[in-house]
Amino acid sequence: MARTEKTAAIIIALFALIYLAGGRSLKLLEEFGPGPGFFPVILGLTLICLSVVYYFSVAKFAEPGRQSPFRPDYLLRPAGVMASLAVAALALDYLGFIITVFLLVLILLMVFERYRAIRGITLSLVISAGFYLLFDTWLRVPLPQGILKGLPF
Amino acid sequence: MPEVLTGIMKGFSIATLPMNLLLALVGCFCGTLVGALPGIGPSATIAILLPVTFGMEPTSAIIMLAGIYYGATYGGSITSILMNIPGDPSSVMSTLDGYQLAMQGRAGVALGMAAISSFIAGTFSVVALMLIAPPVADFAVRFGPPEYFALIFLGLTLIVYLGGKSVIKGLISGVAGLVIGTVGVDPMQGFGRYDFGIVRLADGVPFIVVAMGLFAVAEVLVNIEKPFKTEFITNKISGFLPTIKDWIACRGAFVRGTLIGFFVGVLPGAGATIASFLAYGIEKRVSKNPERFGAGAIEGVAAPEGANNAATGGAMVPLFALGIPGSSSTAILLGGMMMYGLRPGPLLISQNPDFFWGVVASMYIGNMMLLVMNLPLAGVFARLTRLPYSVLYPLILLFVVIGAYSLNNSVFEVWLVLIFGVVGYIMRKLDFPLAPLVLALVLGPMAEKALSQSLTMSHGSLAIFFTRPIAAVIFAFTLVMMVSPLLKKIWGRRQAG
């Protein structure tokens, strides 16, 4: 746990440094008061200070023997679900809403939840059709049609 | 007083419009359901449903979203009592005696008392909100940028110091929120910052995307790490009305829970969870038989349930009167109000009386609806919570993806939501509180504007924050809050030494 938290402190410090570097072209002070870079500089420096305090507080007060919260066997399902969502985001404009959502729910139910084929397909159909009705038909959200563009629904 | 009466009458004429009644009912139903369902909280639900409300009138939209907010605290008691699993953190204390009562065959009475206590406290808090918010707003009209900056600083400090286990993690979370808030055009000169040339980021990172990622996606990711199984009390639930003995036992708990809840709710960062813990602790302390607590004392259900409901009304006071949210849910409500074109702050009530009074009146009606829903329908909600998480989480994720897509009809927001989902997951795993980040993101641009205006007024001198009496008092209070944990530690060491 301590190692994970120390790594987190270092990542936060690096992020703060990049943030400060990214704002170096912003003016700190204008003629009558603070410029657009004033607040970001304060925040960047504060974040660096906090990450240093965090690092040393972890080093000093870490509970010995406490496991890292990122256990590989626990990460498998969240990583898989996020990967499925990322693929769905990539496919959304091309495949369109109905096909993408149907495939996404089908994968979540059958791959990650081990539903049987008939139950998984039925639920995926009902859910994707229900969401299409709710958002496209009732709430009039213009959902992407993708390869189904031109069809009467 | 006549203004209050005129206002609330006007409010009722708005809240009783058929569409607003329906939306209040939908909000209360959804709120009770998500309060009862472990694995999804009110913040996530408000964030998920916010994009659905974009086509609505602001008053109607907030009536529904507020219904979710205060309805969730009603619903939280259902799973606490029947399953020993709190539906939301503010219902943790109700598990102690509520579940014991259910094991003794008094689940119906425990649910009934939770609903009645919630109704009494919820109604009181709406009356108090109606009486307190307008004068507070009138007073706050005198606030200039230094006072406003001091107030925002106080709000952020309180949520960091009261809201989490680790102050340093709360501070990092809050500063990270402020950092994200600097993306886009700066509020004074209109200079583009940290937008990487992406036009969509010119207006900043949409807070709703951050809220959906942090609360909804991250919650799902944490919950699906391992199979989600729950145990139910399987006996038929009946007899919701408490006995006269129960009423007598709870009369003090109603009053104490309500008052503690309301005043704790007004404080930014404290909220319904701390209110329910405090109310339970005090109830146990004043009881003549404290040993009954934890073994099925009905007051142990009435006090925390009253407190967490009163806190939701209390939290609306700074939201409506000052434009300062005190919790993640009210921060999302505030963000929603800004998206509908309202300008939260001391002028909100005077400039939008129909909105304020309409929402307040709907809260009276909503509390009535929730009492009716939670007494005879508690069993129905309990059955609804048996919806397997394996079906629920794909629905949550779909709402998130479509909600994000519908903001600009683009996949860009979907990517942002996924990124913030991962960030939220990592934060949850490392015990970083999420509320300071969302609150700071909403308040950040306001804080920067107030700071810049103050320093421009004083030609760069920080003395402006300490020479104006109201700002100085607020900063002094903030300072006391910041050093109090340190002083407590030093005092404790001296006592021990």
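Summary table
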quantity: Number of positions in region B:6-36 that are buried (at least 24 other Cβ atoms within 10 Å of the Cβ) and of a type in the set (S, T, Y); calculated: 1
quantity: First in region B:1-21 and without any contact (Cβ under 8 Å) to a residue 60 or more places away in the chain, second anywhere and assigned to a helix (DSSP H, G or I), Cβ under 7 Å, 6 or more apart; calculated: B:M19/B:S60
quantity: Sole residue being at the interface with chain B (Cβ under 7 Å from one of its Cβ atoms) and not in a helix (DSSP H, G or I), chosen from A:P40, A:P78, A:P69; calculated: A:P69
quantity: Of all residues making up region B:406-420, the number that are assigned to a helix (DSSP H, G or I) and facing chain A (nearest Cβ under 7 Å); calculated: 4
quantity: Qualifying residue in region B:295-302 (condition: over 16 Å from the mean Cα position of the chain (by Cα) and under 19 Å from B:L129 (Cβ atoms)); calculated: no
quantity: Unmet requirement for A:T100, which otherwise passes all of (1) touching a strand residue (DSSP E or B) at 6+ places or on another chain (Cβ under 7 Å); (2) under 22 Å from B:L398 (Cβ atoms); calculated: (1)
quantity: Filter pass, B:F466 being touching a Gly at 6+ places or on another chain (Cβ under 7 Å) and more than 11 Å from chain A (Cβ to nearest Cβ); calculated: no
quantity: Candidates B:L96, B:L82, B:L111, filtered to the one that is closer than 28 Å to B:G252 by Cα and surrounded by fewer than 24 Cβ atoms within 10 Å (Cβ to Cβ); calculated: B:L96
quantity: Residue, surrounded by the fewest Cβ atoms within 10 Å (Cβ to Cβ), within region A:43-60, restricted to residues that are within 8 Å of chain B (Cβ to nearest Cβ) and not polar (S, T, N, Q); calculated: A:V53
quantity: Residue that is over 25 Å from B:V417 (Cβ atoms), out of contact with any Leu (no Cβ under 6 Å at 6 or more places or on another chain) and modelled with pLDDT of 90 or more, where the choices are A:F61, A:F39; calculated: A:F39
quantity: Those residues of region A:115-125 which are more than 9 Å from chain B (Cβ to nearest Cβ) and either within 25 Å of the chain's Cα centre (by Cα) or over 20 Å from A:L92 (Cβ atoms) (or both), in sequence order; calculated: A:R116, A:A117, A:I118, A:R119, A:G120, A:I121, A:T122
quantity: Yes/no for B:A297 being part of a loop (DSSP other than H, G, I, E, B), crowded, with 24+ Cβ neighbours inside 10 Å and among the small types (G, A, S); calculated: yes
quantity: Pick from region A:64-118, criterion basic (K, R) and either under 20 Å from B:L392 (Cα atoms) or surrounded by 14 or more Cβ atoms within 10 Å (Cβ to Cβ) (or both), ranking: modelled with the lowest pLDDT; calculated: A:R114
quantity: Residue within region B:374-389 that is under 20 Å from A:E113 (Cβ atoms), in contact (Cβ under 8 Å) with a residue 40 or more places away in the chain and charged (D, E, K, R) present; calculated: yes
quantity: Residue match in region B:396-403 (condition: in a loop (DSSP other than H, G, I, E, B), within 14 Å of chain A (Cβ to nearest Cβ) and in contact (Cβ under 8 Å) with a residue 60 or more places away in the chain); calculated: no
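Quick grid of which residues meet (1) more than 23 Å from B:K226 (Cα to Cα); (2) in the same structural domain as A:K6 (by TED's automatic domain parsing); (3) in contact (Cβ under 8 Å) with a residue 60 or more places away in the chain:
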| residue | (1), (2), (3) |
| --- | --- |
| A:F56 | yes, yes, no |
| A:R77 | no, no, no |
| A:A89 | yes, no, no |
| A:V111 | no, no, no |
| A:Y115 | no, no, no |
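The values are calculated or read from the model by the stated rules, or taken from the named source; none is laboratory data. Source: prediction; values computed, not measured. All Cβ positions, even for glycine, are placed from backbone atoms using ideal geometry, and neighbour counts span all protein chains on display.
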